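Reviewing the structure listed below.
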Amino acid sequence: MLTTSNNIKVVELKNITKVFGSKVANLNVNLDLYKGEILSILGENGSGKTTSMNIISGLYAPDEGSIYINGELAKINSPHDSLMYGIGMVHQHFKLVDVFTAAENIVLGLDKQDYANFAKKIEEQEESRFAELRKQGKEPSEEELKESKKRINAAKSFNIKNAASRIKEMCDRYGFELDPNKKVYNMTVSEKQTLEIVKALYRNANILILDEPTAVLTPQEIDRLFMVIQNMRNDGKSIVIITHKLNEVMRISDRVAIFRKGEHVATVETNKTSIKELTDMMVGAKVDLEIERSTPTDVADRLFVNNLSVKNNDGRVVINDVSFVARSGEILGIAGISGSGQKELLEAIQGLRPLESGEIIFHNPKKDKPATFFHKTLKKIKALAAHGAFHDPDGKRINFKGMSNKEIRKMVNDCKVLFYEDEIVNLKGKNPLQIRELGIRLSFVPEDRLGMGLVSNMNLVDNTMLRSYRHGHWIFLDRERPRKLIEKIIKELDVSTPGTNTQISKLSGGNVQKVLVGREIALAPKVFMAAYPVRGLDINSSYTIYNLLDKQKCSGIAVIYVGEDLDVLLALCDRIMVLCDGRISGFVDARKATKEQIGEMMTRHGEVQ
Amino acid sequence: MADKVAREKFIRISRRTDVKLWQRIVIIGASILFAFLLIGLISNIAAPGSFLRFYEYMFKGTFSTPRIFMTLLWNVGLMLLVAVALAPAFKMRFWNIGAEGQCLMGALGAVIGLYFIAPHVPTFLALIIEFLLAILFAAVWAAIPAIFKAFLNTNETLFTLMMNYMATGIVASFIIFNQTPGRSGTIDPLNSATKAGWMPQIQFFHNSYVYNIIIIALVAVVIWGYLRFSKHGYELSVVGGSQNTARYVGINVKKVIIRTIVLSGVVCGVVGFLLVAGGSHTISASIVSGRGFTAILVCWAGNFNVPMMLFYSFLITFVSSGSSTASSALPYSDAISEVATAVFFIIIIASTFFVNFNVHIPWLKKLIDKIKDLFKKKEKEAAQ
C-alpha cells in the first residue's frame, strides 16, 4: 500500500483562523502535508476545506496563525507569492482565457523574474544530474554540456515555441494529453482541467491543490486524472484533493483530513479507515446512508416526449430527436455529462423553451374523475360532451341534450359529470401559465435555484407564493395562505431559518433547496422534475431530498431526476436515460446497470463525432 | 497565540450580516448631521464667518411663516411624487432616468388642454381633459423606451436619458410657436383673466397649494399600496429580482415591463398636470427644474419605500430651498443650493456603505486602547 515513506513536511498550517463577518470559516486549523503524498481534504459544503486551501494559495489572508513551507515561516500575501513557494491551485471554476491557446494561457502572467527562476531551477537540475554522473565516474560529454546550456538559455526569456516544447515534455513525463496549440474554447472540461494542472506545474509547483477535480468528469476521465496524479506523486510532488466524494477518497489518497464546521477534526491514513468511519467523522454523528427505493406500484404512462429537438440560448441544437416516456410511480433518472442538454430538456417540458420539432404529450389521469369549472369553461365542457368525453355515475354517456346551462352547471358542480377517458393534452407551444390553466401541474426544481426557482431578494413568504399568488380575482395579494404553507414546510422539512420574513438569500444552500422543493411538492403535481437537486447540499439535506423524491414517486407522481453522481442515480432511480451530446444513448434498468456501463454511454456519441 | 501572522492589515472590511434598525438609524442620522455640518463649513469658506448665520437663514427660508412652510410642503410633495413615479420602475430594475422628460411631456399635455380647450368648456371638464392629456403624453413618452426594452432589450438608461432631451426640444418648439405676442420664447400664464382650467384654490395660510398637496398624498398612498399589496406590485418585483424566475412561474415579462413603465409615466403625468394646472398655468422648458434627476437619488436613498422617500424628499427640499434663501442673504451665488444638495446626497448614499459593511481599523483600536491605558494609569496615580 502507498504510505508516506519520508517524513518531510512541505506545508504546515499552524492555528489558522479565518473569520468572515460573524461566520468562522476556519478555527485553529493545524494541518501537515508531506512530500510525495496525496492528501484528501474531506468535508461537507461550508466546512472550511476550500477556505483553508485558499489561504495556502494566497487568495485569503488568515486572521490568525501561520503557514510554514519547507520548515520556514512563509509570507503569502497573494497567489503569486504562493506560486513562488511552489504552490499551485486548480480551482473548481477554471480561470482560463477562452480565446487563447493552451500555451498562451500557460505563459500568461509570467514576468522576467519568473523566467530567471525557471532558468535557475533548470540549471540546478542539470547540475545535480551531472553531479550524479560524476559520482559514477563519468564526465558529461561536450555535446551534453552544450545541450544543457542551450536549455538554460532558452528558459531565460519568453518564447512561445520554447514554452510549447516544455509543455510537451511535461505532458510526456506525467501522462497528460494536451495540445499546446488548441484554443481553450475548443476544449472539453477535462482538457481545461489538464491545462490548469499543467499551468501550475509549468510554474514549478511542487504542491498541487485540486478543488473538487472530479465534479465534472466522466468515470473514464476520472481514471485518467487519477493516473496522472499518481505519476506526479511518484515524482515527489505533494497533491491535495478537496472533495466530498467518499469512494474517490478511498481510491486515490494516502491520508484523509476531515473538516467539520471550520475545524480540522482528524487526519487518518486511508488504508486504516472505512467509508462509514469517514462519514461519521464528517457529519459528526452516525448517519444512516441508505437511499430508500420503493418498488413502483400502479405504473402508468404520464408524459410522452416524442422526437423532441430544442435549442439552447446560443441557438445551438442541444436536444436532438429525443423520445421517452415518464411514468407515474417511477423515478426516471437522466444521466449525462453536464451540459448535454439536460437543462434545456426540462425547460422545454416546463414550457420555458420553444420546441424546434417534436411534441410533448401529457396524459392527465382523469378517467372516472369529475370535470370541474376550475380549468374549463361551460362552453368547453359542452364541446367535450358533444364528443362523448363524459359519462354519468351510472356509466352512461352524457351529451347534455335538452338541458339548460343552469342544469348543466348544477350537474358539473354536483360531480356527476365524469371523464370517460384520460385527458390527452399536447403541451407544444404552451407557456407555463397556459399549462397551469389547463389544469396540468408540473413541478420543476431548476438547476439555478436562486436565479430561476426563487427570487433571492424576497423573503420566504413571497417566495412561497410565486406559484400561487394568482389565486382569486381580487387585485390584492393574500399573504396569509403562503405564510401558513411556508410554516408547514419549515416544520416538516426542518428548514433552519430565523423566520418567515427572512430574505431567502441569507439561508444556506440546503435550506434554500428545501424551501424550493417543499413549495413544488405543495403544488400536488402530476410530474415532478428536479435538476441537480442536491448540488451544493450537505449529506443530511441530500438524503432528505432523495427520500422526498422517493415519497413523491410512491404517491403516484412521475418523477424525473437529473443527477451527476452516478452512485446516487443507480441507487435512487428505477430507469435511467443516458444522454450524450443531446441524443439518447440508451436506457438502462437502474437495478441492474453498473456505473462503468453508464459512464461509457455518456461519452459514446462524443467519440463518433 | 504563539505565532502571529506576518501581515497585519491596515484596514479590514467585512460585510454586516444582520443590521439592526437602531444601527441603521444611528448611521443615517450621523451622516445627516455630518452633511449639515459640511454644508455649513462650505458656506463658511465661501463667506467667512457665515457658519451659524447660514443655518439661521436656512430655517428662515423654510419654517419662518406658515406661508413659507406651505410652499416648502408643496415642493416636498412634488419631489416625492416624482420619486414615487420612479419607484415601480426602479423596483423592477428598470433604470428610468427619464422622469424629467416624462414630467415635461405631462406638463405639455396639460398646457395644450389649458391653451386650446379650457376657454371653451366648463372648468371642471377642462381640468379632467388637462389631466387626461397630461397622463397620456407622459405615459406615451415612458412607454416608448419600455417597448424597446421589452422587445429588443435596448438599454433603458441611455434611452430614457435621450428622451429627456427630445422632450425639452419639443416643449421649446411648442413655446416658440405659441409664444405670447411681443414676448420672445415665453408664454404668459394662460387664461389669467378667466382662470379657465385652473385648479380651484382655497386659501389656507395665504397659500393656494392645498388641493395639489392632497392629490399628491392620494397618489403616493395608492402607489405605496400598489407596490406592497397588489399582485401587479408583486409581479414587478419578481421581474426585477429575476426575469428567469418570472418566466418560470408564467409571468409575461414583456407585459409587466410595459405596464409598470406606463404606470411610472402616468404618475409623471400627474406631476406635469399639477405643475401647470395647479402651479404656473404656463410652461417653460425648465418647469420641472431638475426634479426628475434629483428624485432618482431620493428614490434610491429611500430604498423604493414610499415613507422613506417622503423623509428624504423633505430633507432634500429643506436643504435646497433653505440654502437658496441663505444664498440671497449671504454674499455668494445661488449655486450654493446645488452644491449643498450634491454634498448632501453624496454623504447619504455613501453612508449606506457603513450600513452594509463593518470597518475594522486594528491600529486605531490599538491606539485607543493605549490612550485608555494611559488615562487609567494617570487616574490611578491621581488616586494614590
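The values are calculated or read from the model by the stated rules, or taken from the named source; none is laboratory data. Since this is a predicted model, take the numbers as computed values, not measurements. Glycine also receives a Cβ, built like all others from the backbone with ideal geometry; neighbour counts cover every protein chain displayed.
Things worth noting here:
- Within the stretch A:272-295, the residues that satisfy the criterion of being farther than 28 Å from A:ASN28 by Cβ and either of a type in the set (Lys, Arg) or touching a Ser or Thr at 6+ places or on another chain (Cβ under 9 Å) (or both) are A:LEU289, A:ARG293.
Residue by residue, here is whether (1) buried (at least 18 other Cβ atoms within 10 Å of the Cβ); (2) in contact with a helix residue (DSSP H, G or I) (Cβ under 8 Å, 6 or more places away or on another chain); (3) modelled with pLDDT under 90 holds:
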| position | (1), (2), (3) |
| --- | --- |
| A:ASN204 | no, yes, yes |
| A:ASP235 | no, yes, yes |
| A:ARG255 | yes, yes, no |
| A:GLU277 | no, no, yes |
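- Residue count for the stretch B:141-192 under the criterion of being surrounded by fewer than 16 Cβ atoms within 10 Å (Cβ to Cβ) and of a type in the set (Lys, Arg): the result is 1.
- In the stretch A:554-597, residue surrounded by the fewest Cβ atoms within 10 Å (Cβ to Cβ) [restricted to those that are β-branched (Val, Ile, Thr) and within 17 Å of the chain's Cα centre (by Cα)]: A:VAL568
- Residues satisfying the stated conditions in the stretch A:466-477, i.e. surrounded by 15 or more Cβ atoms within 10 Å (Cβ to Cβ) and more than 8 Å from chain B (Cβ to nearest Cβ): A:SER468
- Conditions (1) more than 14 Å from chain A (Cβ to nearest Cβ); (2) at pLDDT 95 or above: number failed by B:PHE293: (2)
- Unmet criterion (only one of (1) in a helix (DSSP H, G or I); (2) of a type in the set (Val, Ile, Thr); (3) more than 14 Å from every other protein chain (Cβ to nearest Cβ)) for B:THR282: (1)
- Taking the criterion of being surrounded by 17 or more Cβ atoms within 10 Å (Cβ to Cβ), away from chain B (no Cβ under 14 Å) and not small (Gly, Ala, Ser), the residues of the stretch A:340-364 that qualify are A:GLN342, A:LEU345, A:LEU355, A:ILE360, A:PHE362, A:HIS363, A:ASN364.
- Looking only at the stretch B:198-224, and only at residues there that are aromatic (Phe, Trp, Tyr) and under 23 Å from B:THR123 (Cα atoms), the one that is modelled with the lowest pLDDT: B:PHE204
- The residues of the stretch A:61-101 that are away from chain B (no Cβ under 11 Å) and hydroxyl-bearing (Ser, Thr, Tyr), listed by number, are A:SER82, A:TYR85, A:THR101.
- Test: residue in the stretch B:17-29 that is assigned to a strand (DSSP E or B), farther than 30 Å from B:TYR332 by Cβ and either modelled with pLDDT of 90 or more or within 14 Å of another protein chain (Cβ to nearest Cβ) (or both): no
- Listed by first and then second residue, the pairs with beta-carbon distance under 7 Å, at least 6 apart or on different chains, first residue in the stretch A:579-605 and assigned by TED's automatic domain parsing to the domain that holds A:LYS343, second among the acidic types (Asp, Glu), are A:ARG583/A:ASP321; A:ALA590/A:ASP574; A:LYS595/A:ASP567; A:HIS605/A:ASP581.
- Selection within the stretch A:394-442 - among the polar types (S, T, N, Q), within 30 Å of A:ALA348 (Cβ to Cβ) and not in a helix (DSSP H, G or I): A:ASN426, A:ASN431
- Residue within the stretch B:246-262 that is farther than 17 Å from B:TRP141 by Cα, out of contact with any Asp or Glu (no Cβ under 8 Å at 6 or more places or on another chain), of a type in the set (Ser, Thr, Tyr) and at the interface with chain A (Cβ under 8 Å from one of its Cβ atoms) present: yes
- Qualifying position, being in contact with a helix residue (DSSP H, G or I) (Cβ under 8 Å, 6 or more places away or on another chain), away from chain B (no Cβ under 14 Å) and at positive phi, among A:PHE400, A:PHE390, A:PHE373: A:PHE400
- Residue in the stretch A:443-461 that is modelled with pLDDT under 90, more than 10 Å from chain B (Cβ to nearest Cβ), touching a helix residue (DSSP H, G or I) at 6+ places or on another chain (Cβ under 9 Å) and assigned to a loop (DSSP other than H, G, I, E, B) present: yes
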